[in-house]
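Everything on this sheet refers to the single structure shown next.
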Amino acid sequence: MPTARDSLLEAAEAALSARPWPAVKMTEVAGAAGVSRQTLYNEFGGKAGLGRALVRRAADRYLDGVDRALAQGIGPGPGEAAGRLAALAEWTVRAARARPLVRALLTGSWSPVLPAPPPPGSRQALTPGDLVRAVRDRAGAALGAEPAWRCELAVRLALSYAVAAGHEPGPEELLRLLEAALAVPAAAPVSGRSRRAGAR
């Protein structure tokens with residue numbers, strides 16, 4: 001049976017999906033959760049605390065999905081690591097497009113229709129860099145010897161799709177892109193030395 005806190009978070013999330021956060025009323029959230037308004041204030045201290053808890057919950061759910069994607073992967077065989085990173089990238093794209101709080105957490109672009117994130121420097125603060133590092137570390141732990149930069153590449157590839165408008169890539173497309181990117185040696189130069197530069 002869900003706790004009062006869980007019920008309040010579910011009710012607040014449902015309210016947020018229907019209207020902008022500034023229009024969400026605490027009496028409405030408490031009523032939908034089947035608890036008193038005093039219980040809401042006891043749990044969260046007020047609307048700002050409830051909003052911060054929603055943001056943290058969105059981050060935790062996104063990271064739970066990261067773990068599932070890394071465990072499942074896309075396709076067996078020698079490219080298993082790339083397949084698991086592609087699954088991570090695909091989950092990131094889907095989560096960021098479907099959930100405005102996840103998109104804001106990953107990009108740092110907060111809309112006034114969303115709850116405000118925890119203030120910078122606070123114990124609860126979570127920057128996009130913090131979240132990318134958390135995903136990179138989880139991917140590294142799940143994939144063992146896979147270099148951290150390859151794990152981060154998967155997240156940053158996904159973010160490019162989440163931020164730029166366009167089609168939603170499928171797992172196979174992301175896998176092809178990742179395999180192509182991962183095939184490039186880490187120390188490869190971006191371009192060769194130009195003749196003109198050599199003459200100077």
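The values are calculated or read from the model by the stated rules, or taken from the named source; none is laboratory data. Everything numeric in this text was worked out from a predicted model, so none of it was measured. Every residue, glycine as well, gets a Cβ built from its backbone with ideal geometry; the counts of neighbours run over all protein chains shown.
Considering the conditions (1) without any contact (Cβ under 8 Å) to a residue 60 or more places away in the chain; (2) within 22 Å of Ser122 (Cβ to Cβ); (3) of a type in the set (Gly, Ala, Ser), Ala23 is excluded by exactly one of them, (2).
Looking only at residues of segment 147-174 that are among the hydrophobic types (A, V, I, L, M, F, W, C) and within 17 Å of Arg68 (Cβ to Cβ), we find that the one that is surrounded by the most Cβ atoms within 10 Å (Cβ to Cβ) is Ala154. Regarding segment 3-21, can at least one residue be identified that is assigned by TED's automatic domain parsing to the domain that holds Asp137, among the charged types (D, E, K, R) and closer than 15 Å to Val102 by Cα? No, segment 3-21 contains no residue that is assigned by TED's automatic domain parsing to the domain that holds Asp137, among the charged types (D, E, K, R) and closer than 15 Å to Val102 by Cα. Selection of segment 23-45 for residues being under 16 Å from Glu10 (Cβ atoms), small (Gly, Ala, Ser) and not in a helix (DSSP H, G or I) yields only Gly34. Taking each residue of segment 146-163 that is part of a loop (DSSP other than H, G, I, E, B) and looking for partners that are of a type in the set (D, E, K, R) and surrounded by 21 or more Cβ atoms within 10 Å (Cβ to Cβ) with beta-carbon atoms closer than 9 Å, six or more apart or interchain, yields Glu146/Arg84. Please specify each residue of segment 132-146 satisfying the condition of being surrounded by 14 or more Cβ atoms within 10 Å (Cβ to Cβ) and either out of contact with any Cys (no Cβ under 6 Å at 6 or more places or on another chain) or among the hydroxyl-bearing types (Ser, Thr, Tyr) (or both). Answer for segment 132-146, where residues must be surrounded by 14 or more Cβ atoms within 10 Å (Cβ to Cβ) and either out of contact with any Cys (no Cβ under 6 Å at 6 or more places or on another chain) or among the hydroxyl-bearing types (Ser, Thr, Tyr) (or both): Val132, Arg133, Ala134, Val135, Arg138, Ala142, Leu143, Glu146. Annotation: of all residues in segment 62-103 being in contact (Cβ under 8 Å) with a residue 40 or more places away in the chain and of a type in the set (D, E, K, R), the one that is farthest from Ser122 (Cα to Cα) is Arg84. Tell me, please, whether a residue that is loosely packed, with under 15 Cβ neighbours inside 10 Å and more than 19 Å from Ser122 (Cβ to Cβ) can be found in segment 44-53. No, segment 44-53 has no match at all.
Scanning segment 115-162 for residues that are of a type in the set (Asp, Glu) and modelled with pLDDT of 85 or more yields Asp130, Asp137. Within segment 164-174, being among the aliphatic types (A, V, I, L, M) and in a helix (DSSP H, G or I) holds for one residue alone: Leu174.
The rows are residues; the columns are (1) of a type in the set (A, V, I, L, M); (2) farther than 27 Å from Tyr161 by Cβ.
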{"position": "Met1", "(1), (2)": "yes, yes"}
{"position": "Ala30", "(1), (2)": "yes, yes"}
{"position": "Ser36", "(1), (2)": "no, yes"}
{"position": "Leu40", "(1), (2)": "yes, yes"}
{"position": "Gly45", "(1), (2)": "no, yes"}
{"position": "Ala95", "(1), (2)": "yes, no"}
{"position": "Pro112", "(1), (2)": "no, no"}
